[in-house]
Amino acid sequence: MNLYHTNYSSTSDTLRPQFKMEGNKLFGTVHNQTQGIKTMLWFEVRGNKVFTTVHNPQGHDLHPWYEIRGDKVFQTMNHPQGMSTVPTFHIRK
């Protein structure tokens, strides 16, 4: 499973997965250029909540940054950019 930005523009970054989901772990992909860190364990999924890990460039947080609802991922109020009413990512194979 992969997570893609929900920005449906035609840029190459939005057409490539930003994260790869393996079990309950989310890894940055080679397409995710955030601070140059690639293929590292950035997030851990617990239930439908997504938490940062110590490998996340923004640091570890005990509060969930994202919530998974179906095949969409929404920012929570704990995310540094605040809560979102539209999904940030969508999940697909």
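The values are calculated or read from the model by the stated rules, or taken from the named source; none is laboratory data. Source: prediction; values computed, not measured. For neighbour counting, all protein chains shown are included, and Cβ atoms are generated from backbone atoms with ideal geometry for every residue, glycine included.
Descriptive notes on the structure:
- In the range 60-67 there is at least one residue matching the filter, namely being assigned to a strand (DSSP E or B), within 20 Å of Glu22 (Cα to Cα) and of a type outside the set (Asp, Glu).
- Residue list for the range 68-93, restricted to those being assigned to a loop (DSSP other than H, G, I, E, B) and among the charged types (D, E, K, R): Asp71, Lys93
- Close pairs from the range 81-93: first free of Cβ contacts under 8 Å to residues at least 40 places away in the same chain, partner crowded, with 16+ Cβ neighbours inside 10 Å and in a strand (DSSP E or B), Cβ under 8 Å, at least 6 apart: Gln81/Gln75; Gly82/Gln75; Met83/Phe74; Met83/Gln75; Ser84/Phe74; Ser84/Gln75; Thr85/Phe74
- Residue count for the range 39-93 satisfying the condition of being more than 18 Å from Thr6 (Cα to Cα) and small (Gly, Ala, Ser): 2.
Table: residues versus (1) surrounded by fewer than 19 Cβ atoms within 10 Å (Cβ to Cβ); (2) of a type in the set (S, T, N, Q).
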| position | (1), (2) |
| --- | --- |
| Phe43 | no, no |
| Asn56 | no, yes |
| Asp61 | yes, no |
| Tyr66 | no, no |
| Thr76 | yes, yes |
| Pro80 | yes, no |
| Met83 | yes, no |
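- Hey, Gln75 polar (S, T, N, Q) and modelled with pLDDT under 80 or not: no
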